[in-house]
Amino acid sequence: MQTEDHLLPETLTLVQAPECHEEEYELVYHKPATMVDVHMHYCPGCAHSLVHKLLMEVVEEMDIQEQTIGIAPVGCSVFAYDYMNIDMQEAAHGRAAAVATAVKRLMPEKYVFTYQGDGDLAAIGIAETLHAINRGENILIVFMNNAVYGMTSGQMAPTTLAGMKTTTSPDGRDTGFYGAPIKVAELMAMLPGAFYVTRQTVNNAAAVRKTKKALEKAFNYQKLKRGTCLVEIIGNCPSNWKMTPMEASKFIDEEMVKTFPAGDIKLPKADELKIKPEEP
Amino acid sequence: MTTEAKLMKGNEALAEAAIQAGCDAYFGYPITPQSEVLEYLAREMPKHKRIVMQAESEIASINMVYGAAGAGFRSMTSSSSPGISLMQEGISYLAGAELPCLIVNVNRAGPGLGTIQPGQGDYFQSVKGGGHGDYKMIVLAPASVQEMADFVYLGFDLADKYRNPVLILSDGAIGQMMEKVVFHPYTNPNVDKSSWATTGKPKTRERNYITSLFIQPERMEVHNLKLEAKYKLIRENEVRFEEINTADAEYLFVAYGLSARICQKAMDIAREKGIKVGLLRPICVYPYPYKRLEELAAQSKFMLSVELNSGQMVEDVQLAVKGKVPVEFYGKLGGLLPTPEEIVLQLETLIQKHHAN
């Protein structure tokens, strides 16, 4: 499959960047070489593209492109493998943690991560996720929580906020009928196999930097062979929230974090920060 | 490797053959009548430094197989009918993403929870698709404990050769019964998977990715046509069947797996009575021996498909003979097995019926 497959229709012309003479400038930022140089299919303002980039920056900075295998979900980020310049597998809906389990067990020295949305992980895939974490699989689960099914255009997810309107909860999520939104990070942190669990946001520059740090930590922790790292990231979905990206950022600060507070939920103990000795 | 005969259960012979075949990883979930496979491998695989895992469900099992196969490892799972139903989505993904692996169905009688006794009710599911979309698997149908072992080697090799899942369609009786088995020396052809397996992207090559997603219909069609070309090759090259007493046969039993074993005995009894009956046993039920059955139609007064279901493979026999001869069916349901005498009686009744016509 070619990366151009789902790109913009030809009728849309892209704005050409002005000519730049590199020698005249100091390079302060570059797109990581671990990203494929193509336009993304994500909606304007969507957090997926940003988090893809953060992940790939970490892979580049740690120089682990050759050791990293990613598992893509079903959902908006189903095409993650078109953007991340690493070996990847596209899993069936919800099954990324099972796929990652096998990849990591067979290649324990590699870095393995799944990248999943809230429908994929918290609804159809919660069993695979819970059991992978309970087994303490030495993988990183990147959990993008934007409280809706994005790709299928805005249906209610297990993480949809109480009272939040979606196409399948047109009067707002009735928690008496559907239950309360699932707090995945808190739930999974209860499992002994969870080594590092954190929830981050990416709706401002400081938060982006913190998220990158969390991802960096989680990749490094894989070397310790001590269990699963879960990084939940409060994403956004301007298209389905029917907001501008700026309004969506505000919604995260004002509403999303009330249900999904940002911060570390489970941190490794000091004496666990060394490689787990192999059992005889 | 020893080549002396051992007395083993079908399920255990299959499990041992997986080890001999260099299976890197097995993922499974307990279900009767095949739990011995998981139990045997849970005990033996670690000794060979291979991966064996009891998954949380058959859904997880098949997706673990996907992950392992996608990373280029020889991987397998086994289950019985209800569990295989749960795996259908995963099997479709494996076929769509062209991942080689071995899946074993120790068929029990259904539908629903059914019974733990043997059945052949999963024939359609196995050979006509099962999961969603256009795909096919090579389906091997063992009729003995020996074949439970042999088909593991063959199955892995065919899976690697065609980059396609292969199914062993056994049943509760073949899985549970004990017979002698010899583990023949086997050499893994070690097919090079580096051009597609996700082992980590070195600077020297483009990234590898495993997917069955082709969002543009034009690309999807190209992929479908590529798969179909592969299935055509499989239909041309991998038809396997066994014939017994067909040279002078006026009547033909058609049966696979356990039913073929019973028909073989029925054939011996009938022959002693002077009835010239032969047996065609499809070894592969996909691809199916349509051509050979059509040839045999020229000499047969009728064919009798004997199955442990309400009539599934009989439709393929009908397709094969194109109406040239009558095709009859005899089936046992609910996990019951027909006796050879019962089949002979059925044969005699049918001979009378067709003679009267």
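Where a number appears in this text, it was derived from the coordinates with a stated rule and is not lab data. No experiment lies behind these values; they were computed from the predicted model shown. Counting neighbours? That spans all protein chains shown, and the Cβs are built from the backbone with ideal geometry, glycine included.
Principal axis extents for region B:88-237, Cα atoms only, whole Å, descending order, please.
Principal axes ranked by extent give 52, 38, 30 Å for the Cα atoms.
Between region B:136-194 and region A:96-146, what is the separation of their alpha carbon centroids in Å?
Here the two parts' Cα centres lie 31 Å apart.
Report the Cα centroid-to-centroid distance between region B:198-276 and region A:31-82 in angstrom, as an integer.
Answer, in whole Å: 40.
How would B:L140, B:L213, B:L233 line up from fewest to most surrounding beta-carbon atoms within 10 angstrom?
B:L233, B:L213, B:L140
Could you pull out every residue, at least 5 positions away or on a different chain, whose amide H is within less than 5 Å of the one on B:E328? Hs are placed 1.01 Å off N in the peptide plane, and Pro or chain starts have none.
Amide H to amide H, under 5 Å and 5 or more residues apart or across chains, B:E328 pairs with B:M303, B:L304, B:S305.
Just need log10 I(q)/I(0) for the protein assembly as shown at q = 0.06, 0.09, 0.12 Å⁻¹, Debye formula, equal scatterers on the alpha-carbon atoms, no solvent, rounded to two decimals.
After summing over all Cα pairs, the log10 values are -0.39, -0.78, -1.18.
Around B:L41, under 11 Å between beta carbons, what's the net of Lys plus Arg minus Asp minus Glu among the other residues?
For residues surrounding B:L41, the net value is -2.
Hey, got the average number of other protein chain Cβ atoms within 10 angstrom for residues in B:192-200? Each step should come with its number before you reach the end.
Numbers: counts 0, 0, 0, 0, 1, 2, 13, 8, 13.
That average works out to 4.
Residue by residue through region B:70-80, what is 3J(HN,Hα) from phi via Karplus (6.51 cos²θ - 1.76 cosθ + 1.60, θ = phi - 60°)? Round to whole Hz and write x for glycine and proline.
After applying 6.51 cos²θ - 1.76 cosθ + 1.60, I find x, 8, x, 9, 6, 9, 8, 9, 9, 6, 10 Hz.
So, with +1 on the Cβ of K and R and -1 on the Cβ of D and E, and no other charges, what is the size of the charge dipole of chain A about its Cα centre, to the nearest 20 debye?
The dipole magnitude comes to about 1340 debye.
Quickly estimate the mean residue ellipticity at 222 nm for chain B, helices only: each DSSP H run with n ≥ 4 gives -39500 (n - 2.57), and the total goes over all residues, rounded to 500.
Only helices count here, giving -13000 deg cm²/dmol.
Against the longest alpha carbon principal axis of chain B, how many degrees, from 0 to 90 and to the nearest 10, is the axis of helix B:340-356 turned?
60
Give me the orientation-averaged projected area of the Cα convex hull of region B:3-141, in nm², one decimal.
For the Cα atoms of region B:3-141, the hull's average projected area reads 8.4 nm².
Hey, what did region B:242-356 get for relative contact order, percent, Cα under 8 Å, at least 6 apart?
In percent, rounded to a whole number, it is 28.
List nothing, just return the count: lysine pairs in region B:217-357, 8 or more apart or interchain, with Cα separation under 21 Å.
Final tally of qualifying lysine pairs is 21.
For region A:44-197, evaluate the Debye formula with one uniform point scatterer on each Cα (no solvent term) and list log10 I(q)/I(0) at q = 0.20 Å⁻¹, rounded to two decimals.
Log10 of I(q)/I(0), two decimals: -1.27.
For every helix of n ≥ 4 consecutive DSSP H residues, a contribution of -39,500 (n - 2.57) applies; sum these over chain A, divide by its total residues, and give [θ] at 222 nm rounded to the nearest 500 deg cm²/dmol.
-7500 deg cm²/dmol
Could you work out, residue by residue across A:60-68, how many beta carbons of other chains sit within 10 Å of that residue's beta carbon, and then give the average as an integer? Provide the component values of the computation, followed by the final result.
Values: counts 0, 0, 0, 0, 1, 5, 6, 4, 3.
Partner-chain Cβ atoms within 10 Å, mean over residues of A:60-68: 2.
Most exposed first by the Cβ proxy, i.e. fewest other Cβ within 10 Å, how do B:L304, A:L230, B:L86, B:L158 rank?
Ranking B:L304, A:L230, B:L86, B:L158 by Cβ neighbours within 10 Å, fewest first, gives B:L86, B:L158, B:L304, A:L230.
Taking Cα atoms, how many degrees apart are the long axis of helix B:217-237 and the longest axis of chain B, rounded to 10 and kept between 0 and 90?
It works out to around 50 degrees.
Give me, ordered by chain and number, the residues 5 or more places off A:I141 or on other chains with an amide H under 5 Å from its own placed amide H.
For A:I141, whose amide H was placed from the backbone, the distant partners under 5 Å are A:T114, A:C229, A:L230, A:V231.
What ranking do A:97-110, B:69-82, B:47-60 get when scored by the average of other Cβ atoms within 10 Å per residue, highest first? Could the numbers behind the result be given before it?
Numbers: A:97-110: 25.3, B:69-82: 27.6, B:47-60: 18.9.
For the peptides A:97-110, B:69-82, B:47-60, the packing ranking is B:69-82, A:97-110, B:47-60.
Restricting to DSSP loop positions (anything but H, G, I, E, B) with no more than 16 other Cβ atoms inside 10 Å of their own Cβ, which trypsin sites (Lys or Arg not before Pro) remain in region B:174-230?
Numbers: sites: B:K180, B:K193, B:K203, B:R205, B:R207, B:R219, B:K226, B:K230; in loops: B:K193, B:K203, B:R205, B:R207.
Within region B:174-230, the qualifying trypsin sites (Lys or Arg not before Pro) (loop, at most 16 other Cβ atoms within 10 Å) are B:K203, B:R205.
Which peptide among B:235-243, A:218-226 comes first, and what is the full order, when sorted by highest mean count of other Cβ atoms within 10 Å?
Top of the packing list down: A:218-226, B:235-243.
If we restrict to alpha carbons, what Rg and Dmax does region B:242-356 come to, in Å?
Final numbers for Rg and Dmax: 12.6, 36 Å.
Report ³J(HN,Hα) in whole Hz for each residue of region B:189-194, in order, from the Karplus equation J = 6.51 cos²θ - 1.76 cosθ + 1.60 where θ = phi - 60°; Gly and Pro get x.
After applying 6.51 cos²θ - 1.76 cosθ + 1.60, I find x, 6, 4, 6, 10, 5 Hz.
If neighbour count is taken as other Cβ atoms inside 10 Å, put B:Y135, B:Y66 in order from fewest to most.
Fewest-to-most ranking of B:Y135, B:Y66: B:Y135, B:Y66.
Using modelled amide H (1.01 Å from N, peptide plane; none on Pro or chain starts), what sits under 5 Å from the amide H of A:Q89, excluding residues fewer than 5 places away?
A:G70, A:I71, A:A72, B:I210
With 5 Å bins from zero, work out the P(r) of chain A over every alpha carbon pair and list the percent per bin.
It works out to 1, 6, 12, 17, 19, 17, 13, 8, 5, 2, 1, 0, 0, in whole percents.
Give or take rounding to whole Å, what are the principal axis extents of the alpha carbon atoms in chain B, in descending order?
Extents along the principal axes: 76, 49, 38 Å.
Tell me, what HN-Hα J-couplings in whole Hz come from the Karplus equation 6.51 cos²θ - 1.76 cosθ + 1.60 at θ = phi - 60° for each residue of region A:51-65, using x for Gly and Pro?
Listing the rounded values in order: 5, 3, 5, 4, 4, 6, 5, 5, 4, 5, 5, 7, 6, 10, 3 Hz.
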